[in-house]
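Quick notes on the structure that follows.
All of the numbers you see were taken from the coordinates with simple rules; none came from a lab. If you're wondering where the values come from, they're calculated on a predicted model, not measured in any experiment. Every residue, glycine as well, gets a Cβ built from its backbone with ideal geometry; the counts of neighbours run over all protein chains shown.
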Amino acid sequence: MNPYVPILVLGGLAALFAVGTVVTAAVTGPRRYNRAKLEAYECGIEPTPPARGGGRFPIKYYLTAMLFIVFDIEIVFLYPWAVSFDALGLFGLVEMLLFILTVFVAYAYVWRRGGLDWD
């Protein structure tokens, strides 16, 4: 039996579940909309109208998102290394230490430049 059949079956079941729940909610859900339901939800805070010309969005949000992506990618690379740690030997250990050192240098740079301060 082909080893990829269970993966395809599981993917098909996941897609069927996702589509099925969206369709079921659309069919069985209430259709009574009012002004409060159509407004954007701002965590309990009354939404303010946008500034003229679109307004400026603080760059700190983008920097934080980029930092999250960098460190998230580091974790993605650490998982396979941890699984095959014994098979890689000393070479794998040295390579991972260099990788972590490189990411730490980037972290220290951002920290010294004040990229993590929320003043």
Here the longest stretch of the chain that holds no chymotrypsin sites (Phe, Trp or Tyr not before Pro) in a DSSP loop having at most 11 other beta carbon atoms within 10 Å is 42-117
In a Gaussian network model of the chain with springs linking alpha carbons closer than 10 Å, the residue among P49, P30, P58 that fluctuates most is P30
Here FRET efficiency (C-beta to C-beta, A108 to D86, R₀ 41 Å, nearest 0.05) is 0.85
Here the convex hull volume per residue of the chain, taken over Cα atoms and given in Å³, is 224 Å³
Expressed in nanometres to one decimal, the distance between label points 7 Å along Cα→Cβ at F99 and R31 is 5.3 nm
Full extension between L38 and Y4 adds, at 0.36 nm per residue less the Cα distance, a length in nm of 7.8 nm
On the formula 1/(1 + (r/R0)^6), with r taken between the Cβ atoms of D117 and I69 and R0 of 22 Å, the FRET efficiency rounded to 0.05 is 0.65
